[in-house]
1. Under 8 Å between Cβ atoms, which residue pairs at least 6 apart in sequence (or on different chains) link something in the range 129-141 that is under 14 Å from His35 (Cα atoms) and open to solvent by less than 30 Å² (accessible area, probe 1.4 Å) with a partner that is outside any helix (DSSP H, G or I) and not aliphatic (A, V, I, L, M)?
2. Evaluate the range 38-54: report whether one residue or more is open to solvent by 70 Å² or more (accessible area, probe 1.4 Å) and modelled with pLDDT of 95 or more.
3. Residue under question is Val64, and the condition is that it be surrounded by 13 or more Cβ atoms within 10 Å (Cβ to Cβ) and either more than 19 Å from the chain's Cα centre (by Cα) or closer than 25 Å to Arg145 by Cβ (or both); does it hold?
4. In the range 1-27, how many residues are in contact with a helix residue (DSSP H, G or I) (Cβ under 6 Å, 6 or more places away or on another chain) and of a type in the set (Gly, Ala, Ser)?
5. When you look at Ala13, is it hydrophobic (A, V, I, L, M, F, W, C), at pLDDT below 95 and open to solvent by 30 Å² or more (accessible area, probe 1.4 Å), yes or no?
6. Report, by residue number, each residue of the range 78-94 that is open to solvent by 10 Å² or more (accessible area, probe 1.4 Å) and either farther than 20 Å from Cys62 by Cα or among the basic types (Lys, Arg) (or both).
7. Going through the range 16-42 one residue at a time, which ones are touching a residue at least 12 places away in the same chain (Cβ under 8 Å) and over 21 Å from His95 (Cα atoms)?
8. Starting from residues that are among the β-branched types (Val, Ile, Thr) and touching a helix residue (DSSP H, G or I) at 6+ places or on another chain (Cβ under 6 Å), keep the ones in the range 28-51 and report whichever is nearest to Ile99 (Cα to Cα).
Amino acid sequence: WHLHPETMQREEAKSKPVAQFCGNVAIVQMNLGRHWVQEQPHPSRLYEVSPWPKVLKREGSCGVVSHRCMCGLKVESGPNKGKYIKKPTSMHASHPALIAPFANLLCKGKHEHLLMEGQAKLLSRAQVWTWREAERIVQGIMNLRKLF
């Protein structure tokens, strides 16, 4: 926001309808007794967009912040290959079992991180989950299934 406020405003305007739609889907899911998981970079203004404040106040709604380096997010090629990308993320869900696998994943600084200033291309590649993140999503679903 501080480097390119005009670009960020344009991007936010484009993403707002998607945020509203996803929030409405979450409400429908919960009204039908179904579940949802939502991942977003942290911090995020998504949760200020209606209906997200209402969604997050619903019984069962919960969230956790983690660092993606703890699931193996790192640079895949080039001069910085192998360096971890810390990239904080938040996981919100309709039930704590869905996001339990993402608890306690805050980096303790035991590995080297790439400084992300000016690394827009690498950040765009970091939008894809690692296999370890995908496995944790599946584990959360399995956790929830065991409860019902």
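The values are calculated or read from the model by the stated rules, or taken from the named source; none is laboratory data. Just so you know, these numbers come straight off a predicted model, no measurement behind them. We place every Cβ from the backbone using ideal geometry, glycine too, and count neighbours over all the protein chains shown. When the accessible area is computed, the model is the full protein with side chains, heavy atoms only, and any ligands, DNA or RNA have been set aside. Shrake-Rupley method; radii C 1.70, N 1.55, O 1.52, S 1.80 Å.
1. Cβ pairs passing all conditions: Ile137/Trp129.
2. Restricting attention to the range 38-54, the residues satisfying the condition of being open to solvent by 70 Å² or more (accessible area, probe 1.4 Å) are 42-43, 45, 48, 50, 54.
Remaining after also requiring modelled with pLDDT of 95 or more: 50, 54.
Yes: the range 38-54 contains one or more residues that are open to solvent by 70 Å² or more (accessible area, probe 1.4 Å) and modelled with pLDDT of 95 or more.
3. Here the answer is yes, as Val64 does meet what is asked.
4. The total comes to 3.
5. Numbers: hydrophobic (A, V, I, L, M, F, W, C): yes; at pLDDT below 95: yes; open to solvent by 30 Å² or more (accessible area, probe 1.4 Å): yes.
Against the criterion (hydrophobic (A, V, I, L, M, F, W, C), at pLDDT below 95 and open to solvent by 30 Å² or more (accessible area, probe 1.4 Å)), Ala13 qualifies.
6. Gly78, Pro79, Asn80, Lys81, Gly82, Lys83, Tyr84, Lys86, Lys87
7. Lys16
8. Of the residues in the range 28-51, the ones among the β-branched types (Val, Ile, Thr) are 28, 37, 49.
In the following step, the residues that additionally are touching a helix residue (DSSP H, G or I) at 6+ places or on another chain (Cβ under 6 Å) were identified as 37, 49.
Working: Val37: 8, Val49: 22 Å.
Among those that are among the β-branched types (Val, Ile, Thr) and touching a helix residue (DSSP H, G or I) at 6+ places or on another chain (Cβ under 6 Å), it is Val37.
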